[in-house]
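Chemist: Below are the structure tokens for one structure; questions will follow.
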Amino acid sequence: MIASTAPAGKGPAGKGPAGKGSHRQSQVDPLAPLRAPDDPPWDVYLTGTVFLDIVFTGLDSAPVRGTESWARGMGSSPGGVANMATALARLGLRTSLAAAFGDDHYGEYCWDALEHGEGIDLSPSRTVPGWHSPVTVSMAYEGERTMVSHGHEPPPEEPAPACPPRARAAVASLAPGVSAPWIAQAASRGTRVFGDVGWDDTGAWDLARLPDLKHCEAFLPNAQEAMRYTRTDCPRAAAHALTEHVPLAVVTLGAEGAYAVDRRTGETAEVPAIEVEALDPTGAGDVFVAGFVAGTLADWPLADRLAFAGLTAALSVQEFGGSLSAPGWSEIAAWWRRVQSVEGQDPQALRRYGFLAGLVPEELVRPWPLRRAVPTIGFRRSA
């Protein structure tokens with residue numbers, strides 16, 4: 001295991017599709033060698049619910065019934081599907097998001113943060129008059145988190161676009177017993193679909209109840225989800241069993257890292273986790289998926305994709321909030337340079353991340369001004 005020394009460190013409502021906005025350009029384009037004039041306009045498309053996340057950190061323990069707890073830290077940021085969208089954009093992928101936004105201040109803040117702050121295309125998104133933004137309060141303690149959410153479904157006349165834009169890839173959140181027509185449509189047009197999944201509250205854990213899995217190129221559950229879906233008692237065995245249903249299975253192993261199996265090539269890979277002190281684990285799984293998607297679209301070896309995904313997730317947990325904790329290339333570069341200077345570092349562990357040397361240019365010294373989660377939204381920002 002490698003030792004890390006990484007530092008902790010909208011358009012108007014009701015106006016319809018977003019304009020071009022002020023696009024923040026990533027300093028590294030991982031797909032630059034592969035780009036061609038006839039490429040799809042977007043690298044990744046995704047759709048889902050955007051929440052306003054309010055995160056409390058620095059709690060010594062879980063809140064105790066009947067008492068008041070004080071948190072030493074607090075941050076607010078867009079959450080939900082915004083976690084994944086922001087992580088993708090910060091890694092240099094041209095990202096398009098379809099989501100509903102409330103016409104309240106929370107919705108305006110989230111729209112602005114995503115479109116103008118992160119350069120995410122919101123033209124498939126829409127503002128819903130009279131609909132208040134979903135909110136999640138997350139409390140981080142002892143390396144874990146507890147969340148309380150509130151929200152309502154957007155009106156039925158406000159569906160996600162039936163025809164997704166052309167994109168190299170899409171990230172789809174699979175849900176038991178639910179089929180999203182856009183997934184099959186995207187896959188039929190050559191879009192590579194990466195399937196994410198959450199906890200099955202029904203307790204059935206039946207892969208047949210994930211009808212859109214057959215359209216996915218990759219499936220990325222965590223160890224507990226993978227074992228329950230495959231009725232196995234080992235996450236690595238679960239990954240192999242999943243390849244009977246999807247070409248590429250990636251199982252995250254928590255503190256142990258991640259394991260992947262590619263049925264098409266017979267290749268397997270396992271990469272250990274990076275040891276870090278976690279401030280807030282919110283959104284780390286989304287950042288992992290984003291890193292893996294970036295590496296896959298860039299055609300990196302399987303082990304490099306796992307290592308990169310794990311690194312981006314490790315960097316993210318050292319900042320507040322889900323979306324705005326996602327690292328950019330300047331932070332990845334800073335980590336790579338700093339970790340090489342640590343005395344007694346395991347040479348073999350360093351070699352695992354040697355592929356970064358060819359990705360991060362030497363002249364990348366100016367920090368990319370990434371937004372961070374702040375306690376209160378609505379402050380005027382200096383020009």
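The values are calculated or read from the model by the stated rules, or taken from the named source; none is laboratory data. Everything numeric here is computed off the predicted structure, so don't read it as measured data. So basically every Cβ, Gly included, is an ideal-geometry build from the backbone, and we count neighbours across all protein chains shown. What goes into the accessible areas is simple: the full protein's heavy atoms, side chains included, and nothing from ligands, DNA or RNA. Shrake-Rupley method; radii C 1.70, N 1.55, O 1.52, S 1.80 Å.
Chemist: Read phi for every residue in segment 170-176 and hand back ³J(HN,Hα) as whole Hz from Karplus 6.51 cos²θ - 1.76 cosθ + 1.60, θ = phi - 60°, with x for Gly and Pro.
Modeler: 9, 10, 10, 8, 7, 10, x
Chemist: Next question, about the same structure. Would you work out what percent of the accessible area of the chain, with all protein chains in place, is carbon or sulfur (probe 1.4 Å)?
Modeler: Here it works out to 53 percent.
Chemist: Something else: Give me the distance between the Cα centres of segment 311-328 and segment 266-294, rounded to whole Å.
Modeler: First find each Cα centre; the distance between them is then 10 Å.
Chemist: Enter the accessible area per residue of segment 148-282 (Å², integer; probe 1.4 Å; all protein chains in place).
Modeler: 48
Chemist: Continuing with the same structure: Need one number: % antiparallel among DSSP beta bridges in the chain, to the nearest 5.
Modeler: If we restrict to bridges inside the chain, about 45 percent are antiparallel.
Chemist: Shifting gears a bit: Whole angstrom only: what separates the Cα centroid of segment 183-257 from the Cα centroid of segment 50-66?
Modeler: Cα centres, segment 183-257 to segment 50-66: 30 Å.
Chemist: If Cys163, Cys234 are ordered by their accessible area, calculated over protein heavy atoms with a 1.4 Å probe, which sequence runs from highest to lowest?
Modeler: Cys163, Cys234
Chemist: Now, a different point. Ranked from highest to lowest mean number of other Cβ atoms within 10 Å per residue, what is the order of the peptides 349-358, 95-104?
Modeler: Answer by packing, highest mean first, reads 95-104, 349-358.
Chemist: Quick one: which of 112-125, 44-57, 236-249, 261-274 comes out on top by average Cβ neighbours within 10 Å, and what's the full order, highest first?
Modeler: 44-57, 112-125, 236-249, 261-274
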